[in-house]
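Please treat every number below as a calculation from the coordinates, not as lab data. Every value quoted in this text rests on a predicted model; they were computed, and no experiment measured them. Here the Cβ is made from the backbone with ideal geometry for all residues, glycine too, and neighbour counts use every protein chain on show.
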Amino acid sequence: MRTRQTGDHDAEREREGGPVSVSPSSGPTTTAPPGELAEERPAERGHDWARLAATPEFQALHSSRRRFTAVGMAIETGALLVGMALFGFAPDAMGEPAIGSITWALLVGTVLVLLTFVMALAYSHKAKQWEEMAAAALEHAGERIEPARRFAR
């Protein structure tokens, strides 16, 4: 018994003049009527990356993101390594009660989870600054883009 493939369905839809799927294996990926080109969205236009990268605003954005990533990775990785080392090399100490019946292992695990949420909050705060820095870099390079709502179609 032959099952119907996604490409078969898309080929039928294309012959009928309807929109086709955008899955990678389906062939054409446009929803424009046959014979017409799909409208280019502003976000799909290319940027002059060489000119953009030369602006001081872009360089500040790039170094800020690099610095945040390096420091964040060092903090999170260091905390995980210390926690895992304590779990592995000092299991007796980690099994001792710290506060009432709560052991040190439970406290260390809780701190690691909380640190992950703190890092996520710090990232979301910095991302707002990076959006402003990116807009400034685009404006300085002369590539002004109209602000769009996030996830807008």
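In the stretch 49-140, one over the average inverse separation of all distinct C-alpha pairs is 15.8 Å, which is the Kirkwood hydrodynamic radius.
Taking a point 7 Å out from the Cα of Ala70 in the direction of its Cβ, none of the residues of the stretch 110-135 has a backbone N less than 18 Å from it. Using the beta-carbon distance between Ala98 and Ala120 and R0 = 30 Å, what value does 1/(1 + (r/R0)^6) give for FRET efficiency, to the nearest 0.05? Efficiency computed from Cβ-Cβ geometry: 0.70.
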